[in-house]
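What follows is calculated from the coordinates using simple rules that are stated; it is not laboratory data. Quick caveat, the model's predicted, so the values are computed rather than measured. Neighbour counts are summed over all protein chains in view; Cβ atoms, including those assigned to glycine, are modelled from backbone coordinates with ideal geometry.
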Amino acid sequence: MTPRLIALTALPLALACSMASAQTARTPWGAPDLQGTWSNATLTPLQRPAELKDKEFFTADEAKAYVKQRLSAQSGDENIQQDKTTGNVGSYNDAWMDRGNDIVPTRRTSLIVEPKTGRVPPFTPDAQRQFERDSAYAAAHPADTPEDRYLTERCIGFGGGHAPMLPEPYNNNYYIVQTPDYVTIMAELNHEVRIIPIDGRAHLPGRVTQWVGDSRGHWEGDTLVVETTNLKPNRHYYGVQMLDSVVSDKFKVVERFTRTARDQIRYSATVSDPVFTTPWTVEIFMHPQTGQMVEYACHEGNYGLRGLLSATREEERKATESKR
């Protein structure tokens with residue numbers, strides 16, 4: 001292709017980007033306006049399915065077929081009879097789920113865009129050994145105390161309430177409010193609220209850790225950049241999306257929020273932690289929602305957790321009696 005053709009081909013894209021930038025809504029003080037209720041629900045999985053190997057993007061026809069397959073496979077309604085037959089108590093039906101009805105607009109096969117494998121990179125050897133030790137302990141002690149259970153079961157944290165903001169099976173809505181000095185993001189799932197200063201202040205001292213970490217933001221052009229550190233390490237950190245992991249005190253996430261259209265925010269987040277052999281990045285698209293968010297009534301000490309612990313004690317009692 002000649003340089004002239006390259007220039008002509010690139011021109012429509014450049015004009016489109018320029019028009020989108022010009023149309024970006026702005027706050028009274030001139031910052032890009034990210035405010036309102038948004039959803040990041042999507043059928044695109046976090047990691048590329050192994051059977052897709054190095055396939056980075058779907059064609060339009062492949063995307064339609066994949067969406068149809070995902071909707072059917074994840075349907076609680078379609079699986080109710082099978083659950084009854086197998087004696088499984090089952091889960092929520094489709095009325096309670098909110099996975100979305102489509103994949104991301106780029107038609108990527110995974111939310112992970114880096115590395116190119118579309119999958120979370122391997123652990124380092126030391127981290128892998130720690131992960132195996134943690135997994136072995138969890139298998140032998142699944143419910144000795146509440147601390148042995150997932151943060152989701154304990155109603156402490158979900159994947160959508162902290163960085164990176166990963167979609168969950170339901171309640172994938174966010175409410176964003178801005179002032180000149182702060183951006184506040186409330187996640188519907190577990191009603192987690194991140195109050196993010198954008199006034200240049202430093203992070204909290206390293207010894208001060210929090211379940212959602214410590215977030216600090218700034219603007220780079222029309223993109224809000226948020227860096228999160230000081231996360232409280234926990235092997236159950238990733239919640240529903242990744243289950244167990246290893247997280248060190250050097251864990252850091254850099255998020256980028258860009259209003260790419262009136263009805264779209266492009267969200268990307270890069271996770272850096274020495275436990276991984278390389279950083280990894282996700283790209284998700286958020287779309288506006290109507291109506292108000294209501295409280296997600298998860299609460300610590302819920303009866304589900306109490307039932308799980310008491311049932312485990314009963315299993316242990318029966319096991320002890322059978323050995324006598």
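Determine the dipole magnitude for region 180-282: charges of +1 sit on the beta-carbon of Lys and Arg, -1 on that of Asp and Glu, nothing else is charged, the reference point is the Cα centre, and the result goes in debye to the nearest 20.
140
Find out how many positive minus negative residues lie around Gly291, taking Lys and Arg as positive, Asp and Glu as negative, among other residues whose Cβ is under 15 Å from that of Gly291. Before the final figure, lay out the partial values.
Working: positive: none; negative: Asp98, Glu188, Glu295.
Residues near Gly291 contribute -3 overall.
Once the piece of chain linking Thr86 and Val225 is laid out straight, how much longer is it, given 0.36 nm per residue of separation minus the C-alpha distance between them?
Gain on extension, Thr86 to Val225, equals 45.2 nm.
Within the chain, what is the number of lysine pairs with alpha carbons under 15 Å apart, leaving out pairs fewer than eight places apart on the same chain?
Summing the qualifying lysine pairs gives 4.
In whole Å, how far is the Cα centre of region 76-112 from that of region 290-324?
The distance from the Cα centre of region 76-112 to that of region 290-324 comes to 23 Å.
Measuring from label point to label point, each 7 Å out along Cα→Cβ, what is the Lys116 to Leu309 span in nm?
Label-label distance for Lys116 and Leu309, simple model: 5.0 nm.
Add +1 for every Lys or Arg and -1 for every Asp or Glu among the other residues with Cβ under 15 Å from the Cβ of His162, and state the total.
Once all neighbours under 15 Å are counted, the net charge is -2.
When the helix-only estimate is applied to the chain (DSSP H runs of n ≥ 4, each -39,500 (n - 2.57), divided by the residue count), what is the mean residue ellipticity at 222 nm, nearest 500 deg cm²/dmol? Present the calculation step by step, with values, prior to reporting the outcome.
Numbers: 6 runs with 86 residues, N = 324.
So the helix-based figure for the chain works out to -8500 deg cm²/dmol.
Report the local net charge at Met186: Lys and Arg +1, Asp and Glu -1, summed over other residues whose C-beta lies under 14 Å from its C-beta.
So the environment of Met186 carries a net charge of -2.
Is region 21-121 rounded, prolate or oblate when judged by the Cα gyration tensor, a ≥ b ≥ c being the square roots of its eigenvalues, rounded requiring a/c under 1.5 and prolate requiring a/b larger than b/c?
It is oblate, given that a/c is not under 1.5 and a/b is not larger than b/c.
Among Pro164, Leu151, Gln178, whose Cα projects farthest towards the positive end of the dipole of region 118-182, with charges put on the beta-carbon of Lys, Arg (+1) and Asp, Glu (-1)?
Among Pro164, Leu151, Gln178, the one farthest towards the positive end of the dipole of region 118-182 is Pro164.
With charges set only on the Cβ (+1 for Lys and Arg, -1 for Asp and Glu), what does the dipole of the chain come to about its Cα centre, in debye to the nearest 20?
520
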